[in-house]
1. Which ones in the stretch 30-62 are farther than 22 Å from G160 by Cα and open to solvent by 60 Å² or more (accessible area, probe 1.4 Å)?
2. Go over the candidates E27, E4 one by one and state the one that is modelled with pLDDT under 95, out of contact with any helix residue (DSSP H, G or I) (no Cβ under 6 Å at 6 or more places or on another chain), closer than 24 Å to I146 by Cα and open to solvent by 80 Å² or more (accessible area, probe 1.4 Å).
3. Need the failing condition index for A168 against (1) open to solvent by 70 Å² or more (accessible area, probe 1.4 Å); (2) modelled with pLDDT of 85 or more; (3) among the hydrophobic types (A, V, I, L, M, F, W, C); (4) assigned to a helix (DSSP H, G or I), just the number.
4. Quick check on the stretch 76-95: of everything there that is touching an Asp or Glu at 6+ places or on another chain (Cβ under 9 Å) and not aliphatic (A, V, I, L, M), which residue is nearest to R39 (Cα to Cα)?
5. I need the full set of residues from the stretch 63-79 which are outside any loop (DSSP other than H, G, I, E, B) and open to solvent by 10 Å² or more (accessible area, probe 1.4 Å), in order please.
Amino acid sequence: MGLEAEREREAASDEGLIRAVREGATERYEALIEKYQQRLYIYCYHLLMQREEAEDAVQEVFIKGYEKLSQFVYNQSFAAWLYKIAYHHCLNVLRKRRRTALLSKLLKPLGHEGADDGYAEARRKEVALQSELALGRLTVVERSLIVLRVIEGKSYEEIGQSFPQSPAALRKKVERAKLKLKRIWMELEGDVDGEATKYAMARESERIGRAIAPD
């Protein structure tokens with residue numbers, strides 16, 4: 001009951017800020033940015049798996065949110081509305097990344113074989129931790145569901161505002177994503193020759209353990 005009351009107060013607070021922005025007090029939008037910036041960053045980072053892209057994505061999401069604020073319906077969750085914008089934005093970023101990768105392969109025969117070595121090294125460092133390795137092998141939808149349910153602690157009803165499916169269907173998808181994450185985790189545990197992986201396992205085992213634990 002306490003959590004439900006807190007969510008109602010949060011929704012009421014968001015609604016008041018949104019009304020103020022719509023009525024011309026555009027500076028009030030900064031309060032919404034401060035409130036959701038960190039949460040959106042965590043969400044975008046787990047979808048994109050790159051810090052700079054996640055930071056850029058958060059900025060773009062808030063810009064799009066501001067531009068589309070007139071379309072927001074007051075009886076829905078503003079957080080879920082933002083997550084939906086973020087989800088589609090990150091999908092577009094991932095599609096662009098794949099196109100860039102294909103272009104890079106086409107350029108290699110022209111003498112650019114080592115052009116992306118620095119980028120590849122940076123990527124290897126970014127995904128050094130076990131959790132990132134595991135999450136990176138999930139689909140973007142699976143990562144999104146894991147982040148919303150496990151990391152953000154959203155209810156299936158709240159998740160359903162971003163993914164238009166029944167709570168029962170979403171629960172099944174989350175359980176399947178958890179099982180897949182568990183299988184990946186076990187595979188990485190078997191990588192006995194990977195010293196970086198073993199180090200990451202020691203640091204992140206508790207957090208991933210929570211992610212794969214049944215609700």
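1. E30, E34, R51, E52, E55, D56, Q59, E60, listed by residue number.
2. Matching residue, one of E27, E4: E4.
3. Checking A168 against (1) open to solvent by 70 Å² or more (accessible area, probe 1.4 Å); (2) modelled with pLDDT of 85 or more; (3) among the hydrophobic types (A, V, I, L, M, F, W, C); (4) assigned to a helix (DSSP H, G or I), the one that fails is (1).
4. Here the answer is Y83.
5. Looking only at the stretch 63-79, we keep the residues that are outside any loop (DSSP other than H, G, I, E, B), and these are 63-67, 69-71, 78-79.
If the condition is that a residue be outside any loop (DSSP other than H, G, I, E, B) and open to solvent by 10 Å² or more (accessible area, probe 1.4 Å), then I63, K64, Y66, E67, S70, Q71 are the ones that fit.
One line per residue, one yes/no per condition, for (1) among the aromatic types (F, W, Y); (2) within 12 Å of the chain's Cα centre (by Cα); (3) under 20 Å from L145 (Cβ atoms):
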position: C44; (1), (2), (3): no, yes, yes
position: L48; (1), (2), (3): no, yes, yes
position: R51; (1), (2), (3): no, yes, no
position: F62; (1), (2), (3): yes, no, no
position: S70; (1), (2), (3): no, no, no
position: A79; (1), (2), (3): no, no, yes
position: L82; (1), (2), (3): no, yes, yes
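This table checks each residue for (1) surrounded by fewer than 12 Cβ atoms within 10 Å (Cβ to Cβ); (2) over 25 Å from L91 (Cβ atoms); (3) charged (D, E, K, R); (4) at pLDDT below 90.
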position	(1), (2), (3), (4)
E126	no, no, yes, yes
E132	no, no, yes, yes
V140	no, no, no, yes
R149	no, no, yes, yes
S162	no, no, no, yes
R176	no, no, yes, no
M186	yes, yes, no, yes
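The values are calculated or read from the model by the stated rules, or taken from the named source; none is laboratory data. Please read these numbers as outputs of a predicted model, since none were measured by experiment. With ideal geometry, Cβ positions are generated from the backbone for all residues, glycine too; neighbour counts draw on all protein chains shown. The area values use the complete protein model at the heavy-atom level, side chains included, leaving out ligands, DNA and RNA. Shrake-Rupley method; radii C 1.70, N 1.55, O 1.52, S 1.80 Å.
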